[in-house]
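What follows draws every value from the coordinates through simple rules; no lab data is involved. Quick caveat: nothing in here was measured; it's all calculated off a predicted structure. Virtual Cβ from ideal backbone geometry, glycine too; neighbours counted across all protein chains shown.
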Amino acid sequence: MTVGRLRSIVVRSALPALALLATAWGALAADQLVDVYIDGKVQQFTPQARVRGRTTYVPLRAAAQALGAKVDWKAKSQTAVVCQGSRCVPIRKDQGIVINGALLIPLRLMAEALSCEVQWDAAKKAVRVTGANCAPSG
């Protein structure tokens, strides 16, 4: 058997395995859409909240408003400063992801900085945010 023929056999044998590996990797890397509850109320975010890796991302402005916070965008540093009363958290654009032109940021990063508790509900594929100061009053 020639080296060229052997190489051809190896390549043909490896291609299906590589295709399977690429498909599996794509499935692992896909975002999982999830529900977010703030003080027991489901939030209707657009784009929808999602888990990527082990991090839940939510639309910056909508999530901040749902937590009773305000957002100040600093264009020069590409940073959002999210404030609720005297509590503020800076969140850089590169800490988030962009989906359909919207910046989604890590929910836990913002919520815990605003004194909220964040829990993952695996059975319902949902995130629950609770706390005395983590939602607008009224």
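Miscellaneous remarks
- Taking each of Lys70/Lys125; Lys41/Lys93; Lys74/Lys125; Lys76/Lys125; Lys41/Lys76 in turn, the alpha-carbon distance tops 31 angstrom for Lys74/Lys125; Lys76/Lys125; Lys41/Lys76.
- Cβ-Cβ FRET estimate between Ala122 and Asp31, R0 fixed at 25 Å, reported to 0.05: 0.90
- Length released on extending from Asp39 to Lys70, taking residue separation times 0.36 nm less the Cα-Cα span: 9.3 nm
- Hz values of 3J(HN,Hα) by residue in segment 90-97 - Karplus curve (6.51, -1.76, 1.60), Gly and Pro given as x: x, 10, 6, 4, 6, 8, x, 10
- Environment charge at Gln32 (Cβ cut-off 9 Å; Lys +1, Arg +1, Asp -1, Glu -1): +2
- Distance between the pseudo-spin-label points of Gln95 and Arg54 (7 Å out from Cα toward the beta carbon): 1.9 nm.
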